[in-house]
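Here's the structure we're looking at; comments come further down.
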Amino acid sequence: MPRRDNEAMSETLLPPLETTDPGLRYRRVAALLRNDILTGKLAPAQRLPSIQELAAQCEVAPATIRQAIALLAEEGLLRSRQGSGTYVTEAPPARRPPIPLDLGWPAIAERIKGNRARILEADDTPPRLAPADGALAPAYRRMRRVHTTPDGLPYVFVELFVSRAYYDQAPRRFDREMALPLLEELGGAQLTTMRQSFRLDAADAEAARQLDLKLGAPIGWLRRALSDRDGVVAYFSIGRVRADAVVFETVFTRS
């Protein structure tokens, strides 16, 4: 664990990066540092290792580290003192707690209940499901949307499909509210299984624009399929989510 005083850390802070894309390297360095700051591994007012030390640890050029530090300084997480080094700010900007992806789907629905949606386009195209997702419902409402927190932060750029059996019960609400809480309200007892997969990626031009990120910023691909007792998919979505908006935690125990 990094020391929590104002001295420079001598232990390894960051792992080597495997990507060869120079446009992504500094953003991935920034993502690792950002995570350590927001989770408390790097304490307020703590001094980072030198640029040369961080570059050696990550196996990148010093210029890459400088770019990462500049990005986090813009976000208010780091500050530089001439002749002294780079420090975590004494009071990093407050962030909303990330949404745990390892919760059961009713708990996830409750967690996002107050968020809002902005529709980009909508039609009646059905989803393309994998065999493991379940069976198609007779009809769906498709929406491309941006979801925002109550304070206006865009955190998911998503294409989602809601079975018409549910959508037609409250179309105006489905157009502006989060679909999962509304599905739980309308038919929670019948909706029994949600398959979910998550992988890390980098924001392309469209995701960066919709989520107010820089090109290549870390994001996650989040895929969900919610089915009923008969295996019919009531909800399907593929979303690109800000990497700082979600967290996945797992506890392993020795049997």
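The values are calculated or read from the model by the stated rules, or taken from the named source; none is laboratory data. All values reported here derive from a predicted model rather than from experimental measurement. Reconstructed Cβ throughout: ideal geometry from the backbone, glycine too, with neighbour counts over all protein chains shown.
For the range 138-155, a residue qualifies if it is of a type outside the set (A, V, I, L, M) and over 16 Å from Glu206 (Cβ atoms), and the qualifying residues are Pro138, Tyr140, Arg141, Arg142, Thr148, Thr149, Pro150, Asp151, Gly152.
Here is a check on your reading of the model: is Gly152 over 21 Å from the mean Cα position of the chain (by Cα), modelled with pLDDT under 85 and of a type outside the set (Asp, Glu)? No, not satisfied. Candidates in the range 168-191 are the residues that are touching a Leu at 6+ places or on another chain (Cβ under 9 Å) and either at pLDDT below 90 or not small (Gly, Ala, Ser) (or both); of these, the one that is surrounded by the most Cβ atoms within 10 Å (Cβ to Cβ) is Leu180. Within the range 185-209, residues that are under 28 Å from Tyr166 (Cβ atoms) sit with their Cβ atoms under 8 Å from residues that are assigned to a helix (DSSP H, G or I) and acidic (Asp, Glu), at 6+ positions apart or across chains, in these pairs: Leu191/Glu184; Arg195/Asp133. Taking the range 201-216 as the range and being in a strand (DSSP E or B) and in contact with a helix residue (DSSP H, G or I) (Cβ under 8 Å, 6 or more places away or on another chain) as the test, only Ala202 passes. Within the range 8-26, restricting attention to residues that are of a type outside the set (Val, Ile, Thr) and in contact with a helix residue (DSSP H, G or I) (Cβ under 7 Å, 6 or more places away or on another chain), which residue is modelled with the highest pLDDT? So the residue we want is Tyr26.
Going by the conditions given, is Arg47 at pLDDT 85 or above and farther than 15 Å from Arg34 by Cα? For Arg47, the condition - at pLDDT 85 or above and farther than 15 Å from Arg34 by Cα - is not met.
Residue pairs whose Cβ atoms lie under 9 Å apart, sitting 6 or more positions apart in sequence or on different chains, and linking a residue in the range 44-60 that is at positive phi to a partner that is outside any loop (DSSP other than H, G, I, E, B) and among the β-branched types (Val, Ile, Thr), are Ala45/Val88.
Restricted to the range 196-210, and to residues there that are of a type outside the set (A, V, I, L, M) and farther than 19 Å from Phe236 by Cα, the residue that is surrounded by the fewest Cβ atoms within 10 Å (Cβ to Cβ) is Glu206.
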